[in-house]
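For reference, the structure discussed in these notes is given below.
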Amino acid sequence: MKKAIYPGSFDPVTLGHLDIIKRSSKIVDELIVGVLNNNSKSPLFSVENRVKMLKEVVKDIPNVEVMSFEGLLVDFAREMNAQIIVRGLRAVTDFEYELQMSQTNMVLDDTIDTIFFTTSLEYAYLSSSTVKEAAYYGADISRFVPEPVISQVYDKFKIKEK
Ligand code: PNS
C-alpha cells in the first residue's frame, strides 16, 4: 500500500495546495495532509483551525486524511508508515529550499522519498502569504482559496466578504 504525506503550514490552504492534494491523491492509496504545528512562525490560524479548514475542503476525496504534526517530518512519516513525502514546486525560486529540505530528510531517513508536483500554471503565483496580504488590503480572494476558507480569512482581518 502506497502511503504519502503532504506536509505544510497551510496558513491558510490555497487552491494551489488543493490542486496538489487532488493530483497526488490519485497516485497513492492514502494521502495524509500533515499540518505543521508551528507556533514559532506566528501563524494567522491556529493549527486546529487549519486542520478544520483542510478537512472541510477535502471531505469529498475518500483517500485523504488531515492531521497535525510536531517535530521532524520524517518522524511523523515513519509514525504514519508513509514512504513518500509530496511537495509542490511553483517556480525555480522554490527549488533551492525544497532540494535542501528533501536532501536533509533523505539523510535523516533514506527509506522515505520526496516526490515533487509542478503546480498547475493557473496557481503558479499563489502562496498563503500573498493570500493573507491581499485579504488584509481588502482584495477579492475567491480565486485564491477554496470557498469555505474565504470568509474565515476575511474574518481574521475584520473585512466584510466581497
Ligand atoms: O508550507 P511550508 O511552510 O513550506 O512547509 C514546510 C514544512 C512543514 C514541510 C517543513 O517546515 C517541515 O517539514 N517542518 C518540520 C521539521 C522538519 O522536519 N524539517 C526538515 C528537516 S530539518
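Cα gyration tensor of segment 1-117, axes a ≥ b ≥ c as square roots of the eigenvalues: rounded (a/c below 1.5), prolate (a/b > b/c) or oblate? It comes out rounded by the Cα gyration axes. For the chain, the solvent-accessible area works out to 56 Å² per residue, with a probe of 1.4 Å and every protein chain left in place.
Split the accessible area of segment 1-111 by element, probe 1.4 Å, and carbon with sulfur accounts for 52%. Sequence-ordered 3J(HN,Hα) estimates for segment 96-112 from the Karplus curve with 6.51, -1.76 and 1.60 and θ = phi - 60° stand at 4, 5, 5, 5, 4, 5, 5, 6, 4, 4, 5, 5, 5, 7, 7, 8, 10 Hz, glycine and proline given as x. If you run the Gaussian network model on the chain, springs between alpha carbon atoms under 10 Å, then out of 115, 32, 20 the most flexible one is 115.
So for segment 51-162, considering every pair of alpha-carbon atoms, how many percent are separated by more than 21 Å? Working shown, then result.
On the way: 3292 of 6216 pairs.
In whole percent, the long-distance tail amounts to 53.
The alpha carbon centroids of segment 75-146 and segment 32-60 are separated by 14 Å. Assuming R0 = 22 Å, what is the FRET efficiency of residue 52 and residue 129, from their Cβ-Cβ distance, to the nearest 0.05? Calculated value: 0.60. Highest mobility in the GNM of the chain, judged by mean-square fluctuation with C-alpha springs under 10 Å and restricted to 59, 41, 26, is found for 41. Each of 146, 108, 83 was placed along the dipole of segment 81-162 (beta-carbon charges, centred on the mean Cα), and the one lying farthest toward the positive end is 146.
Phi angles of segment 37-42 translate, via the Karplus equation with coefficients 6.51, -1.76, 1.60 and θ = phi - 60°, into HN-Hα couplings of 7, 10, 4, 5, 8, 6 Hz per residue; Gly and Pro are given as x. Only Lys, Arg, Asp and Glu carry charge here, each on its Cβ (+1 for the first two, -1 for the last two); on that basis segment 41-162 has a dipole of about 600 debye about its Cα centre.
Taking chymotrypsin sites (Phe, Trp or Tyr not before Pro) as exposed when DSSP calls them loop (any state but H, G, I, E, B) and at most 12 other Cβ atoms lie within 10 Å, what is the longest stretch of the chain free of them, the sites themselves excluded? Don't skip to the end; give the middle numbers.
Values: sites that count: 125, 137, 157.
Longest gap between qualifying sites, sites excluded: 1-124.
Amide H contacts of residue 68 (H built 1.01 Å from N, in plane; Pro and chain starts excluded): 35 sit under 5 Å, all sequence-distant by 5 or more or on other chains.
The values are calculated or read from the model by the stated rules, or taken from the named source; none is laboratory data. Computed from a prediction, not measured in an experiment: that's the story for all the values here. We place every Cβ from the backbone using ideal geometry, glycine too, and count neighbours over all the protein chains shown. Surface areas here come from the heavy atoms of the whole protein model, side chains and all, with no ligands, DNA or RNA. Shrake-Rupley method; radii C 1.70, N 1.55, O 1.52, S 1.80 Å.
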